[in-house]
Amino acid sequence: MSTQAPAVPGFGSSTAAMIRLSFLRTLRGRKLRVAAVAAFVVILFPAVVALVSEDAEPATIVSGGIDWGFFRLLVFLLPLLFASGSVGEEVEARTLHFLAMRPMQRASIALGKYVVGTGSALAILWAGLLLLHLVGYATTPTEMIEQFGATARAGGAASFLLVTYCAIALFWGTLVPEAGGMLTIVWLGFIEWFGMLLPGVLRFASMSHFARELGGLERAGWDPVELGTQTLMSVPDVELHWCALVIGIEFLVFLGLALLTMQVAQLRFGKA
Amino acid sequence: MSEESDAIETPEDANETSASEPKKKAKKKKAKKSSQAKDLEAKDATSIRAVRLSRWYGKVTAISDVSLHLGPGIWGLLGPNGSGKTTFMRMIAGQIKPSTGKLNVCGASPFGNPEVLRRIGYCPESDSLYDELTGLEFVTAMAELSGYAPPTALKRAKDALKEFGLEDAMTRKMGGYSRGMRQRAKLAQAIVHDPDVLLLDEPLTGTDPSSRQTILASLKQRATDGALVLFSTHVLPEIEALTDRLLLIARGQVVAQGAMHEIRQLLDEHPHHIRVQCDRPRELASRLLANENGVVALHFPSADLLEVRTWQPDQTYNAIMAQLVEGGFALRSITSPDANLEALFHYLVERANHGAGTGADAGGGSHRQLESAAQRVAYQQQLEPGAGA
């Protein structure tokens, strides 16, 4: 019998098909709604402060909201929601067979899921960020326009960080599908979250530190350090382009590892 | 042919050595070309070939030393739950790698091989689907992932869903589908790209009789068109309704393989039970024991019932009938609980469970030594299609 099946699709077209499928599923699923609620809660606190406190500076409210709500919370939560379980949940639900059986590179599956998951996370992040900006500067329209550049810079840095964290989450999710979320929490919690508080060069383990530098945020944690009457900057200064490069390399390494893992792993199909 | 022509054009006056060399070269070339053609043919052929295939998870052996060759047509993969059917299917579907041994589907290893995967359709056992999608969206997406452009994928998806009678439900979300509808949606995604090898893991679970007929008709048509359909189940009548060719698997081993009638011959290898319900079963028993007719054991399950165990069912049947007539017995019924595939299946499974050569089911006897592993392998080889060719 000469086969009637179509020719093997290219990497691009199979990834595009995977993106279409993942997008449809994400639109119909709960994750977007959960993420929107999380973003709303993050914005709620600075919004309340802006409305209640007469003394609070709008710039302080917005930068505080970006620092605590986005750089310390949402950029960690969104990858957990959209990327860490994207493969694992299909393994758990036993639907991955349908995808793994298709005549395409398995890396297309991971890449399609990554693009949709990260795109959704970015959409939530930017929607929240713009809302925060609007609420924070609601009483000072001039400042709202003047300060938009600063907010956009912080948003760009947060996006870069989010994209990298999604790649890290995807990697752990493909490597250990049944515990991807837990491993992502451990990695992002210890290395990234606590790492951004550490003094000296130890802080360089955390991409969050570099992203904060890119975003023009104040340093967090044990920097600067107060020693008697002296204030010491324990963390060495790094040029912004080096900050971007380090994050970019980490992003590429983790995304590459995730795709490679997906390509060669048996994805727990052996388990009944 | 060109090589042959070259050989013919060799000058006649050349010495013997110089004349024979081009001929030899031509022969070699021809042989090489023929071998390449055979390879190509083998690659193109719709087949599944396993050589000493094993797969284990830690200390658990799921598939053990399986060798077989399946060609186009419908093959029933029969085995109890936990016998290794699904693992075997998943290896063929390229989802897991064998631990040892070699597995080729359409001439190449399926794991991570899109060229092979495009020729395989797989309907997994699990009931899971993307519940948030409609049947049409799901099957269309699977067609797109198989390499069709979106408009073609949509058309093919509609056709596939119609083939399994889901035309009215295709625009409904699959979360609201019944079990049978889910099965049919899974089957539609498996055939949407017209695969040469169709792997169906318990595909009739939850289907109603009408859907069952639709599914069976579709599978038969595909097999007629040249596809290889491997159909796994633990329900014997499902297989009997679909195919004559069987693979019996138990404890990860293929305990028998071949045509139904070949496997039925195995019935003669194991002891038959014949139940006779009559007015004087003990008298009938004594008459049977008085003659040489292959009877090895007699039981009386109830006052009017005699159960005879025999190695020679035909001879024993004749003897029983003769004695019944001769003694003027009032016969109520005569049945054989062994005379179906279920009995054969349990016999083979039991044999596999007890391990080779134990003869646990045979109750002794030197001929039971045929159940050694070597004998079983030899028997499997005999049953392999084309073994005699």
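Read-outs throughout are calculated quantities, based only on the coordinates presented, and are distinct from any laboratory measurement. Every value quoted in this text rests on a predicted model; they were computed, and no experiment measured them. No Cβ is skipped: glycine too gets one built from the backbone with ideal geometry, and neighbour counts run over all protein chains shown.
The distance between label points at B:VAL60 and B:ASP304 comes to 4.9 nm (points 7 Å beyond Cα on the Cα→Cβ vector). Does the stretch A:134-217 come out rounded, prolate or oblate by the C-alpha gyration tensor, with a ≥ b ≥ c the root eigenvalues, rounded set by a/c under 1.5 and, if not, prolate when a/b is larger than b/c and oblate if not? Prolate, because a/c is 1.5 or more and a/b exceeds b/c.
Going down the table (A:LYS31/B:LYS85; B:LYS186/B:LYS220; B:LYS85/B:LYS173; A:LYS113/B:LYS97; A:LYS113/B:LYS186), which pairs top 28 Å between alpha carbons?
A:LYS31/B:LYS85; B:LYS85/B:LYS173
Counting only helical runs of four or more DSSP H residues, what would the 222 nm mean residue ellipticity of chain A come to if each run contributes -39,500 (n - 2.57) and the total is spread over all its residues?
Numbers: 12 runs with 172 residues, N = 272.
Helices in chain A give a 222 nm mean residue ellipticity of -20500 deg cm²/dmol.
Between B:GLN221 and B:THR152, the FRET efficiency estimated from the beta carbon spacing at R0 = 22 angstrom works out to 0.55. Lys/Arg Cβ at +1, Asp/Glu Cβ at -1, dipole of the stretch B:48-265 taken about the Cα centre: which of B:PHE138, B:VAL235, B:LEU117 is farthest positive-ward? So the residue we want is B:LEU117.
Modelled label positions at A:TRP68 and A:LEU227, each set 7 Å beyond Cα in the direction of Cβ, lie 3.1 nm from each other.
How much length is gained if the chain between A:LEU252 and A:MET182 is pulled fully straight, taking 0.36 nm per residue apart and subtracting their Cα-Cα distance, in nm to one decimal? Mind showing how you got there, number by number?
On the way: separation 70, 0.36 × 70 = 25.20 nm, distance 2.19 nm.
Separation in residues times 0.36 nm, less the Cα-Cα distance, equals 23.0 nm.
Taking only C-alpha pairs under 8 Å that are 6+ residues apart, what is the relative contact order of the stretch A:11-264 in percent? If you can, show how the numbers build up before the last one.
Working: 344 pairs, mean separation 58.8, N = 254.
For the stretch A:11-264, the relative contact order is 23 percent.
Free of any GluC sites (Glu not before Pro) that DSSP assigns to a loop and that have at most 16 other C-beta atoms within 10 Å, the longest stretch within chain A is A:55-217.
Counting, for every residue in B:145-153, the Cβ atoms of other protein chains within 10 Å of its Cβ and taking the mean gives 6.
First select every other residue whose beta carbon is under 11 angstrom from the beta carbon of B:TYR177; then total the charges, Lys and Arg +1, Asp and Glu -1.
On the way: positive: B:ARG172, B:LYS173, B:ARG179, B:ARG182, B:ARG184, B:LYS186; negative: B:ASP127, B:ASP131.
Counting the neighbours of B:TYR177, the net charge comes to +4.
Proximity of backbone amide H atoms, modeled 1.01 Å from N, is registered between B:THR61 and no other residue at under 5 Å, excluding neighbours fewer than 5 places apart on the same chain.
Are there DSSP H segments in chain A that both extend 20 Å or more along their axis (alpha-carbon positions) and score a mean Kyte-Doolittle hydropathy of at least 1.0? List them, or say none. Please list the in-between numbers first.
Values: long enough: A:11-28 (26 Å, 0.52); A:31-52 (32 Å, 2.35); A:106-136 (45 Å, 1.38); A:148-175 (40 Å, 1.29); A:240-264 (36 Å, 1.97).
Span-like helices, by this rule, are A:31-52, A:106-136, A:148-175, A:240-264.
Taking chain A as a Gaussian network, Cα atoms linked when under 10 Å apart, which of A:ALA123, A:ALA154, A:ALA167 shows the biggest mean-square fluctuation? So, out of A:ALA123, A:ALA154, A:ALA167, the one fluctuating most is A:ALA123.
With neighbours defined as other Cβ atoms within 10 Å of a residue's Cβ, the residues B:PHE164, A:PHE194, B:PHE88 order from fewest to most as A:PHE194, B:PHE164, B:PHE88.
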